[in-house]
Amino acid sequence: MALGRRRERREERREERHGGAGVHYRMRQRLVSIGDDFWIETDDGQRAYKVDGKALRLRKTLILEDAQGHEVAKIQERVMRVKDSMEVEDADGHRIALIKKALVSPLRDRWSVEISGGSDLDVQGNVVDHEYTFTDGRTPVATVSKKWFRIADTYGVEVAPGQDPVPVLAATVALDLMTHDH
């Protein structure tokens, strides 16, 4: 009990230092090689989610697990449905999100994330270079950037306070898969 309270106080102090910003997660560019697993960590190095890449070879499928090993999302390509799309399901097979190319223009690709039972998100910025923002209309929900880390091939995802990180992190993994040939 006391340990949990101490951790909460430490997290509150960290949020104060970040100016009340959301939670930062550390991602790796080219994060999935076929058959590899990798950890999504918080900015203080705590393992938060694991991406299991074992099923990637057979069918473009990744499993997102929490730190205890429970499946929280399945990220998979939907070949027969919408071109350039990936679907995220929860552990029970219900759709959490559909990530798809919204518009192709000469200058940039536009992506959208349809959230089941929630506000759809627009992806604005440069997905290939890991510098983009998820917005629900006008409000930023999460920011993806390399500027928080000096380590090559590492980028961060900052999720706004009160926002469920699972759809955002799953969409970030899906966008990475769709825009980089692994």
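A few remarks follow.
- Test: residue in the stretch 139-158 that is farther than 29 Å from Gly45 by Cα and modelled with pLDDT under 90: no
- Scope the stretch 62-85; condition modelled with pLDDT of 90 or more and either open to solvent by less than 30 Å² (accessible area, probe 1.4 Å) or in a strand (DSSP E or B) (or both); matching residues: Leu64, Glu65, Asp66, Glu71, Val72, Ala73, Lys74
- Near pairs, Cβ below 7 angstrom, 6+ apart or cross-chain, from the stretch 135-158 (within 16 Å of Ala174 (Cα to Cα) and in contact (Cβ under 8 Å) with a residue 24 or more places away in the chain) to any residue that is assigned to a loop (DSSP other than H, G, I, E, B) and hydrophobic (A, V, I, L, M, F, W, C): Ala142/Ala160; Tyr155/Phe149; Gly156/Trp148; Gly156/Phe149
- Sole residue being closer than 20 Å to Trp39 by Cα and open to solvent by 20 Å² or more (accessible area, probe 1.4 Å), chosen from Pro161, Pro165, Pro140: Pro165
- Once the stretch 123-159 is narrowed to residues that are part of a strand (DSSP E or B) and over 14 Å from the mean Cα position of the chain (by Cα), the residue that is nearest to Ala97 (Cα to Cα) is Asp136.
- Of all the numbered requirements in (1) touching an Asp or Glu at 6+ places or on another chain (Cβ under 8 Å); (2) crowded, with 16+ Cβ neighbours inside 10 Å; (3) modelled with pLDDT under 90, Tyr49 misses one, and that requirement is (3).
- Scanning the stretch 160-182 for residues that are over 9 Å from the mean Cα position of the chain (by Cα) and either modelled with pLDDT of 90 or more or in a loop (DSSP other than H, G, I, E, B) (or both) returns Ala160, Pro161, Gly162, Gln163, Asp164, His180, Asp181, His182.
The values are calculated or read from the model by the stated rules, or taken from the named source; none is laboratory data. These numbers come from a predicted model, not from an experiment. Glycine gets a Cβ as well: all are built from the backbone with ideal geometry, and neighbour counts include every protein chain shown. Keep in mind that these areas ignore ligands, DNA and RNA; they rest on the heavy atoms of the full protein, side chains included. Shrake-Rupley method; radii C 1.70, N 1.55, O 1.52, S 1.80 Å.
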